[in-house]
Amino acid sequence: MKNQIKERILVLDPKDYPKNKLLELEKKFYLIKKSFKNQKKFEDFIVNEVKNGKNINHIFLSLNYSLKKLILKKIYKNLKTVLTPTTGINHIDIDFLKKNKIKLVYLKPHKSLLNKINSTAELALTLMLSLLKNLNLAQKNAKNSLWKKEDFTSQQVSDLKVGVIGLGRL
């Protein structure tokens, strides 16, 4: 078997991805798994990698970071793909990617897959119930041994009429 150099994938915020999928990727690619405190630290890292001859071929980009023209100009020569597990792509310079023939993979065009993802609606429902039941204050008081049940009585959810106004995937 020919000894082949693996392509390099920068996976930002790897905790957000299933471990078994990352292990699958590691069989075919060299993974660089990183999280950064801010955009500047991310940019410094990626520019230094490329400057030191450690090209990045693919990037898994979360919403915590952006890929705009200024940074892309410094790293694009061996960049083949930008992948983002988002429906919105305003954190990425699409024109630069198109001009330089860098593939973009994101969720919005994949309607059948999106129909299986309920996390936005689940979060909205969880937050509504938390507000209705005053859970933040209840948790804080219980943690501090100040539990007074009468402070946390509320209406039954089944007695309420609740409406949701949302945009996008809600």
Query raised in the report: Per residue, how much accessible area does region 63-170 show when a 1.4 Å probe rolls over the protein heavy atoms, in square angstrom?
Result: 77 Å²
Requested in this report: Rank Asn78, Ala121, Gln39 by how far each Cα sits towards the positive end of the charge dipole of the chain (+1 on Lys, Arg Cβ; -1 on Asp, Glu Cβ) and give me just the farthest.
Outcome: Asn78
Query raised in the report: Where Rh is the Kirkwood radius over the Cα pairs of region 22-120, the temperature 20 °C and the viscosity 1.002 mPa s, what D in µm²/s does Stokes-Einstein return?
Result: 147 µm²/s
Requested in this report: Output the relative contact order of region 19-95, whole-number percent, from Cα pairs under 8 angstrom with separation of 6+ residues.
Outcome: 28 percent
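Can you give the FRET efficiency for Lys73 and Lys103, using 1/(1 + (r/R0)^6), R0 = 22 Å, r = Cβ-Cβ distance, to the nearest 0.05? Don't skip to the end; give the middle numbers.
Numbers: r = 18 Å, r/R0 = 0.81.
My answer for the efficiency is 0.80.
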Query raised in the report: For the chain, modelled as a Gaussian network with Cα springs under 10 Å, which listed residue fluctuates most, Tyr76, Tyr17, Tyr106?
Result: Tyr17
Query raised in the report: Which three lengths, in whole Å and largest first, does region 19-75 cover when its Cα atoms are put on their principal axes?
Result: 33, 26, 17
Requested in this report: Set the Förster distance to 41 Å, then compute FRET efficiency between Lys15 and Lys148 from the Cβ-Cβ distance, nearest 0.05.
Outcome: 0.65
Query raised in the report: What net charge is computed for the residues neighbouring Asn38, neighbours being all others with C-beta under 14 Å from the C-beta of Asn38, Lys and Arg scored +1, Asp and Glu -1?
Result: +1
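Rounded to the nearest 5, what is the percent of antiparallel bridges among the DSSP beta bridges in the chain?
Numbers: 0 of 15 bridges.
For the chain, the DSSP antiparallel bridge percentage is about 0.
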**Report entry** Reachable aspartates and glutamates from Lys21, criterion Cα separation under 18 angstrom, eight or more residues apart if same chain
**Finding:** Glu7, Asp13
Query - Separation in nanometres of the label points that stand 7 Å from Cα toward Cβ, at Glu24 and Ser66 - result: 3.3 nm
Requested in this report: Would you indicate which of (i) 192; (ii) 130; (iii) 113 is the value of volume of the Cα convex hull per residue in Å³ derived from the coordinates of this structure?
Outcome: (i)
Query raised in the report: Which entries in Lys77/Lys99; Lys37/Lys108; Lys28/Lys51; Lys51/Lys74 show an alpha-carbon gap greater than 18 Å?
Result: Lys37/Lys108; Lys28/Lys51
Query raised in the report: Build a GNM of the chain with springs between Cα atoms under 10 Å: which of Lys149, Lys80, Lys15 gets the top mean-square fluctuation?
Result: Lys149
Query raised in the report: How far is it, in nm, from the label point at Gln155 to the one at Ile5 when both lie 7 Å from their Cα along the line to the Cβ?
Result: 6.5 nm
Query - Accessible area of the chain belonging to carbon and sulfur atoms, whole % at 1.4 Å probe - result: 54 percent
Query raised in the report: For region 1-146, with only Lys/Arg (+1) and Asp/Glu (-1) charged at the beta-carbon, what is the dipole magnitude about the Cα centre, in debye rounded to 20?
Result: 460 debye
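The values are calculated or read from the model by the stated rules, or taken from the named source; none is laboratory data. Quick caveat: nothing in here was measured; it's all calculated off a predicted structure. So basically every Cβ, Gly included, is an ideal-geometry build from the backbone, and we count neighbours across all protein chains shown. Accessible surface is based on the protein model in full, side chains and every heavy atom, while ligands, DNA and RNA are left aside. Shrake-Rupley method; radii C 1.70, N 1.55, O 1.52, S 1.80 Å.
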